[in-house]
1. Can THR318 be described as at pLDDT 95 or above and open to solvent by 10 Å² or more (accessible area, probe 1.4 Å)?
2. Yes or no: ALA255 buried (at least 18 other Cβ atoms within 10 Å of the Cβ) and outside any helix (DSSP H, G or I)?
3. When you check GLY282 against the structure, is it within 13 Å of the ligand (Cβ to nearest atom) and open to solvent by less than 40 Å² (accessible area, probe 1.4 Å), yes or no?
4. When the residues of region 191-202 are narrowed to those that are surrounded by 17 or more Cβ atoms within 10 Å (Cβ to Cβ) and of a type outside the set (S, T, N, Q), which ends up nearest to the ligand (Cβ to nearest atom)?
5. Quick one: which of ALA188, ALA220, ALA205, ALA210 is more than 16 Å from the ligand (Cβ to nearest atom), at pLDDT below 95 and open to solvent by less than 60 Å² (accessible area, probe 1.4 Å)?
6. For region 48-58, does any single residue satisfy the condition of being among the hydroxyl-bearing types (Ser, Thr, Tyr) and either within 16 Å of the ligand (Cβ to nearest atom) or open to solvent by 10 Å² or more (accessible area, probe 1.4 Å) (or both)?
7. For THR280, indicate whether it is hydroxyl-bearing (Ser, Thr, Tyr) and under 18 Å from VAL323 (Cα atoms).
8. Evaluate region 17-38: report whether one residue or more is surrounded by 20 or more Cβ atoms within 10 Å (Cβ to Cβ), among the aliphatic types (A, V, I, L, M), away from the ligand (no atom under 16 Å from the Cβ) and outside any helix (DSSP H, G or I).
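The values are calculated or read from the model by the stated rules, or taken from the named source; none is laboratory data. Just so it is clear, the model here is predicted, and its values are computed rather than measured. Glycine also receives a Cβ, built like all others from the backbone with ideal geometry; neighbour counts cover every protein chain displayed. To get the accessible areas, we keep the full protein, side chains included, count just its heavy atoms, and leave off ligands, DNA and RNA. Shrake-Rupley method; radii C 1.70, N 1.55, O 1.52, S 1.80 Å.
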Amino acid sequence: MGAVITGWGKCRPPLSLTNADLESLVDTDDEWILERTGISARGICHLETTDMAEVAARHALAAAGLAATDLDLIVMATVSPEISCPSNACVLQERLGAVNAGAFDLNAACSGFVYGLSTATSLVSSGVAQRVLLVGVEKLHFLIDYRDRNTCVLFGDGAGAVIIENDPRSGGDAPGVLGVDLGADGVAGSTMVIPTLGTRGELSADRDPAQHRLHFEGQAVFKIAVKGMSESVQRALQRAGLTSDDVDVVVPHQANERIIRAATRRLGVDDDRVVVNIETHGNTSAASVPMALCDAVTDGRISPGDVVVFTAFGGGVTWGSVVLRWGDRVTPITTSDVELPAPTVDVYEVLAENRAFFQPLYD
Ligand code: UT7
């Protein structure tokens, strides 16, 4: 039995932080950011993680023609959960009224959606689940120091969601997962760290700004990313008995356009087969792959039966790739007009608390 994607949706928050906005916050400029990263603007969410997840999920459910009560599992990939217990997936289950669904969170940092896709498709193929909602969601701005130009230009908030259902066909050109590669290197874990949001350390009412913010080693991560994604895709293709010539579309993690181009050119996949939406979304960690997928389907870049490759790398260090033959449908069964409530504040007001919190590091 195969597992296919039958619904897709995303939530790109309405507030944008543009490169011009960043010029007024840190010592940077539009040219540097665009040239080094490919990013012009990123979404900043004025609400909570679950609000974005709900919007993306409702679009995905509509595209699949399903009600929330049809779901039997919700998997949520995130490194920025609202709380640690209950899981974000349970909070979303309640919000959606998905009363027949089990729910759990999964953390593989920016690789979270690809790990989740492998997990969810395996559960569907084995008959454990019939209809799974998989969401990648991040409210990263909570973890970023908007006084640090090295990190704050890269990241954005957002959510993407897919519905995975079984397909009775097997063998030959049947849709479903063709090959998977998942990997990790804990030794290199210190290259990307979010030190807080865990039990390590002392009990303290005050968060330490130096410990709270996301830290990464840019150039080390860059190299790990290019090598990690390209080699992971090669292994997944090999397991599928395919080569890069057989690939119709690559949906990579949107960390940096230069990383994406370097990794996919190493694979011998030309640029027009690669989905890139980082210019308007930034790096949204676990949300980036499903948001890019949603754009690709909506823009007509995926056709029935296409070989689609999902690939990502992230904190851990983790990496993963899934090679999947798309099913029959690339148009939504129904659509939803749900969106986040309009903000009553501007992007500077959303970031004001953040900037005040990190100020002591710059005094
Ligand atoms: O979950 C974490 C995921 N992290 C990533 O995906 C990061 C992967 N790495 C990257 O994307 C790139 O390494 C960066 C975009 C972060 C940096 O690009 P780079 O080409 O590696 O630049 P660099 O680190 O070599 O920095 C070059 C210069 C430095 O100045 P000096 O030392 O040469 O005088 C930086 O201080 O650019 C400076 N710089 C900036 N200048 C203007 C760093 N950030 C900025 C900025 N605006 N925002």
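1. So THR318 passes the test.
2. Yes: the conditions hold for ALA255.
3. So GLY282 fits the description; yes.
4. MET192
5. ALA210
6. No.
7. So THR280 fails the test.
8. Checked against the condition, which is being surrounded by 20 or more Cβ atoms within 10 Å (Cβ to Cβ), among the aliphatic types (A, V, I, L, M), away from the ligand (no atom under 16 Å from the Cβ) and outside any helix (DSSP H, G or I), region 17-38 yields no hits at all.
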